[in-house]
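No value in this document is a laboratory result; all are computed from the given coordinates. Just so it is clear, the model here is predicted, and its values are computed rather than measured. FYI the Cβ positions are ideal-geometry reconstructions off the backbone, even for glycines, and counts take in every protein chain you see.
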Amino acid sequence: MANAVPSRLLRRSAVVLGVLTVAVVLEASAGAGQEGQTNPRGQDLYAAQCALCHGEMGRGIEGTGPPLVGVGAASVDFMLRTGRMPLPHPDARMTHEAPKVTDEQREDLIAYITGLSDDPGPPIPAVDPAAGDLSRGRELFTHNCAACHGPTAAGIAVGQRDIAPDLDEATALEIAEAVRTGPGVMPVFSEDVYDQHDLDSVVAWVLDLRDRATPGGAHVGRSGPVFEGAVAWILGLGLLLIVIYLLGERTEEGGVGEHDG
């Protein structure tokens, strides 16, 4: 009787341990299965085109590519939609190009990468420029965007390899995604900073800039009236100096002729 209690206790402990072991194994199996079933095509595309820089399962590789876990659908969609990714090699500069993947491949990659984390990150934003207010958009753009993108959104270099791109080719969705995700050195303007009306407004203002008249004549890359005026002055003075030089040459030739006669 003295050995009955320990034996019973051992059996119960064994049963509990067995149940816990089975539960852990089942959970791990379920997780692995879910991971593999998230999007097999996206997983294959990621392995072929992204893993070299961003590492296995989006964990990132220090000095080569940042982690992608939790970056969100908006960031992945922006990078793929604008042709900035995938890069031909890790040291290549990200520029706005034609997409390197099809729409279907882009959706597969988005599904796979967003499925790597319980936190899906910023979703692809909805944007309606027609619902925005141009005055509000101009105010937001002037205060938060013009310092890097220029007053006419023509883009300028912001230091070293970083360039604030020309927004002339960006679609409304691409502008909205950039606002929400802050690619490169651009700050993030989340919904706490820009609500939906602000987002619609700043996108509306950027699109409206393309159709605005150029008071100075030729827009010279929409660099603004000051620069455009400076270019006009430089060209005008250059032409005036050429005319003066040519007149001086003719006068000198005429003077020599009279002397010889």
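Separation of the range 126-141 and the range 92-125, taken as the distance between their Cα centroids, equals 26 angstrom.
For the range 34-125, the Cα-based Rg and Dmax, in that order, read 12.1, 35 Å. Label-to-label distance for Arg212 and Asp128 is 2.6 nm, based on points extended 7 Å past Cα in the beta-carbon direction. With the highest mean first, a sort of the peptides 194-205, 179-190 on other beta-carbon atoms found within 10 angstrom per residue produces 194-205, 179-190. The Kirkwood radius of the range 135-211, taken over pairs of alpha-carbon atoms, gives through the Stokes-Einstein law at 10 °C and 1.306 mPa s a diffusion coefficient of 129 µm² s⁻¹. Spin-label model, Leu239/Gln196: points 7 Å from Cα along the beta carbon direction are separated by 5.3 nm. The label point for Leu246 and the one for His96, both projected 7 Å from the Cα toward the Cβ, are 4.0 nm apart.
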